[in-house]
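This report refers to the structure that appears directly beneath it.
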Amino acid sequence: MTDLLTVQNLKVSYPTRTAVIEAVRGVSFTLGKERLGIVGESGSGKSQTGRAIMGLTPKHAIVSADKLDFNGIDLLSASAKQRRKLRGKRIAMVLQDPKYSLDPVMSIGRQICETLRTHENVGKAEARDRALAMLEAVQIRDPGRVFDLYPHEVSGGMGQRAMIAMMLIADPELLIADEPTSALDVTVQLDVLRIMDRLVSERGMGLIFVSHDLRLVSSFCDRVIVMYAGKVVEELKASELKNARHPYTQGLLNCMPQIGESRHPLPVLDRKPEWAA
Ligand SMILES: Nc1ncnc2c1ncn2[C@@H]1O[C@H](COP(=O)(O)OP(=O)(O)O)[C@@H](O)[C@H]1O
Ligand SMILES: [Mg+2]
């Protein structure tokens, strides 16, 4: 498989007055046209990893890597302009809460059209047709009506689908989905996952799926990397998750509730200082 993305020894840190916060501390992985899951507890550096790939870390962040290559493009030496051109067009990111990503004062359809027209030279009518088709692809039943709605007028699940439509309209080669379903209830969660899954297999896209939910990730992804305190502690095939060797991954697995099992006492995730070393 040819690699779409190569990440070698990625570091993201934030200097503060008293110390340097190391959010990502030497993360390495490669991604082909596949679904890669990144799991880890809150604060383990998953989002910062995604943002560094997108070029969306704040100005004062220090980002370094031995290699950060997207399809032969060295992302670290790319100019701000080049990176802007890549974002949305070839690399897209779906965030946890659509409320923060959709513009509240612009109708959903117009946002999708504008995203498309920023990246491709298409006329208004064609943009509208493609936006409607995309809304249909993310299983919005009445695309013509939803097209004219504003973000506050749709449910969380529909907002998330609209957001996915907006991210996919320019046909990106790499999609980073950062906890895209955490704000949704379980049935909608599965719908959204199915939609992304279908788009990955139909369009041959690479997907990085970030989540704290190990079970969800293992059923949905091909491969999983487990992060702890800014580092990758384990990388596994999703199907081999049960054989996880790292005690932290085993801990995450043990914390997952099983139907019919008694939960007294509740398991507590053990943490050892040497894992973060
Ligand atoms: N702007 C920032 N300034 C300082 N530290 C930050 C900033 N953004 C994130 N961090 C720190 O980076 C670490 C990793 O954060 P993040 O990648 O968001 O975790 P995750 O997505 O795994 O929950 C956290 O400890 C967080 O406090
Ligand atoms: Mg996060």
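The values are calculated or read from the model by the stated rules, or taken from the named source; none is laboratory data. Predicted model only: the values in this text are computed from it and were never measured. Every residue, glycine among them, receives a Cβ derived from its backbone with ideal geometry; neighbour counts consider all protein chains shown. For accessibility, only protein heavy atoms count, side chains too; no ligands or nucleic acids. Shrake-Rupley method; radii C 1.70, N 1.55, O 1.52, S 1.80 Å.
Kindly list the number of the only condition in (1) open to solvent by less than 10 Å² (accessible area, probe 1.4 Å); (2) at pLDDT 95 or above; (3) within 16 Å of ligand 1 (Cβ to nearest atom) that fails for PHE70.
(3)
Identify, please: which residue in the stretch 32-55 is of a type in the set (Gly, Ala, Ser), in contact with a helix residue (DSSP H, G or I) (Cβ under 7 Å, 6 or more places away or on another chain) and touching a residue at least 40 places away in the same chain (Cβ under 8 Å) and is, among those, farthest from ligand 1 (Cβ to nearest atom)?
Looking at the filtered set, the residue picked out is GLY37.
The rows are residues; the columns are (1) of a type in the set (Gly, Ala, Ser); (2) touching a Lys or Arg at 6+ places or on another chain (Cβ under 6 Å); (3) at pLDDT below 85; (4) open to solvent by 20 Å² or more (accessible area, probe 1.4 Å).
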site: VAL188; (1), (2), (3), (4): no, no, yes, yes
site: SER211; (1), (2), (3), (4): yes, no, no, no
site: GLY251; (1), (2), (3), (4): yes, no, yes, no
site: CYS255; (1), (2), (3), (4): no, no, yes, yes
site: TRP275; (1), (2), (3), (4): no, no, yes, yes
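Checking the structure you have, find out if any residue of the stretch 36-43 is small (Gly, Ala, Ser), outside any strand (DSSP E or B) and more than 16 Å from ligand 2 (Cβ to nearest atom). Walk me through how you get there before you give the answer.
Filtering the stretch 36-43 down to residues small (Gly, Ala, Ser) leaves 37, 40, 42-43.
Filter again for outside any strand (DSSP E or B), leaving 40, 42-43.
Narrowing further to those that are more than 16 Å from ligand 2 (Cβ to nearest atom): none.
No, the stretch 36-43 contains no residue that is small (Gly, Ala, Ser), outside any strand (DSSP E or B) and more than 16 Å from ligand 2 (Cβ to nearest atom).
Given (1) of a type outside the set (Asp, Glu); (2) buried (at least 18 other Cβ atoms within 10 Å of the Cβ); (3) touching a residue at least 24 places away in the same chain (Cβ under 8 Å); (4) not in a helix (DSSP H, G or I), where does LEU236 come up short, assuming only one miss?
(3)
Looking at GLN48 and the list (1) open to solvent by less than 50 Å² (accessible area, probe 1.4 Å); (2) within 30 Å of VAL232 (Cβ to Cβ); (3) modelled with pLDDT under 95, which single condition is not satisfied?
For GLN48, the failing item is (3).
Restricting attention to the stretch 213-233, and to residues there that are part of a loop (DSSP other than H, G, I, E, B) and more than 13 Å from ligand 1 (Cβ to nearest atom), which single residue is most open to solvent (accessible area, probe 1.4 Å)? Give the steps one after another, and end with the answer.
Applying the first criterion (part of a loop (DSSP other than H, G, I, E, B)) to the stretch 213-233 yields 213, 221-222, 229-230.
Adding the requirement that they be more than 13 Å from ligand 1 (Cβ to nearest atom) leaves 221-222.
Numbers: CYS221: 10, ASP222: 62 Å².
Taking the candidates together, the pick is ASP222.
In the list GLU202, GLU179, which residue meets the criterion of being out of contact with any Asp or Glu (no Cβ under 6 Å at 6 or more places or on another chain), more than 15 Å from ILE91 (Cβ to Cβ), crowded, with 18+ Cβ neighbours inside 10 Å and acidic (Asp, Glu)?
Exactly one residue qualifies, and that residue is GLU179.
Just to check your reading of the model, which residue among VAL105, VAL63 is without any contact (Cβ under 8 Å) to a residue 60 or more places away in the chain and surrounded by fewer than 18 Cβ atoms within 10 Å (Cβ to Cβ)?
Residue meeting the stated conditions: VAL105.
Name the residue that is nearest to ligand 2 (Cβ to nearest atom), counting only residues in the stretch 4-31 that are touching a residue at least 60 places away in the same chain (Cβ under 8 Å) and surrounded by fewer than 16 Cβ atoms within 10 Å (Cβ to Cβ).
My answer is GLY26.
For the stretch 86-111, which positions are over 19 Å from the mean Cα position of the chain (by Cα) and not in a loop (DSSP other than H, G, I, E, B)?
Once the filter is applied, which keeps residues that are over 19 Å from the mean Cα position of the chain (by Cα) and not in a loop (DSSP other than H, G, I, E, B), the stretch 86-111 yields ILE108, GLY109, ARG110, GLN111.
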